[in-house]
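Let me begin by presenting the structure, written as structure tokens, before commenting on it.
The values are calculated or read from the model by the stated rules, or taken from the named source; none is laboratory data. Treat the numbers as computed from the prediction; the structure is a model and nothing was measured. Backbone-built Cβ (ideal geometry, glycine too); neighbour counts: all protein chains shown. What goes into the accessible areas is simple: the full protein's heavy atoms, side chains included, and nothing from ligands, DNA or RNA. Shrake-Rupley method; radii C 1.70, N 1.55, O 1.52, S 1.80 Å.
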Amino acid sequence: MPLETDQDIARLLTETKRIALVGASAKPERASNRILKFLIDQGYDMVPVNPGLAGQKLHGVEVASSLDEMAGPIDMVDIFRNSEAAGSVVDEAIAVGAKSVWLQLNVINRPAAERAEEAGLAVVMDRCPKIEIPRLGLMKGDNAD
């Protein structure tokens with residue numbers, strides 16, 4: 001069952017250091033672009049993932065083409081894909097040994113969430129860290145109250 005309590009989500013966000021954001025966009029009006037910037041500003045080690053933008057930089061961070069191209073551990077895979085496409089991203093996250101997957105608002109794929117949980121990953125579904133971080137009092141840096 002996906003993490004739902006404030007305590008569990010706060011613990012995940014606090015323990016997470018490195019996040020792969022799958023579906024990163026270069027377009028400033030896209031949520032994935034704004035949330036990438038927000039998470040960078042919150043001090044997370046971010047790796048945007050988008051095969052069409054691989055090698056370019058978003059907010060000063062080089063874009064990877066895929067999760068398996070990334071060197072080093074991945075604490076969280078933040079998924080900005082539609083619900084159906086999220087399933088294959090979850091499978092990739094499992095394959096590379098990520099610790100958790102976060103399916104963004106309106107991204108719901110219960111079979112994929114179940115596969116992730118069976119593989120030992122923490123799962124958050126249909127939520128946004130840009131909403132949860134301030135709501136849970138976890139803001140850092142210039143954005144903190």
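Could you sort the peptides 15-22, 47-54 by per-residue average Cβ neighbour count (10 Å cutoff), highest mean leading?
Output ranking for 15-22, 47-54: 15-22, 47-54.
With charges only on Cβ, +1 for K and R and -1 for D and E, what is the dipole size of the chain about its Cα centre, in debye, rounded to 20?
Charge dipole, the chain, about its Cα centre: 400 debye, nearest 20.
State in Å² the accessible area per residue of the chain; use a 1.4 Å probe, count heavy atoms of protein chains only, and round to the nearest integer.
Accessible area per residue, the chain: 50 Å².
Return the distance in nm (one decimal) between the two label points of a simple spin-label model at Val96 and Leu136, each offset 7 Å from Cα along Cα→Cβ.
With each label point 7 Å from Cα toward Cβ, the separation is 2.2 nm.
Would you mind telling me which residue in Glu114, Glu92, Glu29 has the biggest mean-square fluctuation in a Gaussian network model of the chain, where springs connect alpha carbons within a distance under 10 angstrom?
Glu29
Determine the share of the range 16-130's accessible area contributed by carbon and sulfur atoms, expressed in whole percent, with a 1.4 angstrom probe.
48
So what is Rg over Rh here for the chain, counting just Cα atoms and using Kirkwood for Rh?
Rg/Rh for the chain comes to 0.93.
Using θ = phi - 60° and the Karplus curve 6.51 cos²θ - 1.76 cosθ + 1.60, what whole-Hz ³J(HN,Hα) does each residue of the range 84-91 get, with Gly and Pro shown as x?
5, 5, 4, x, 5, 5, 4, 4
In percent, what relative contact order does the range 1-126 have, based on Cα pairs under 8 Å that are 6 or more apart in sequence?
With pairs under 8 Å counted, the relative contact order is 24 percent.
Show me the ranking of peptides 117-129, 96-108 by mean Cβ neighbours inside 10 Å, starting with the highest.
Put in order of decreasing packing, that is 96-108, 117-129.
To the nearest 10 square angstrom, what accessible area does Ser66 show with a 1.4 Å probe?
The accessible area of Ser66 comes to roughly 30 Å².
Considering every pair of different Cα atoms, what Kirkwood radius, in Å, is found for the range 15-62?
10.6
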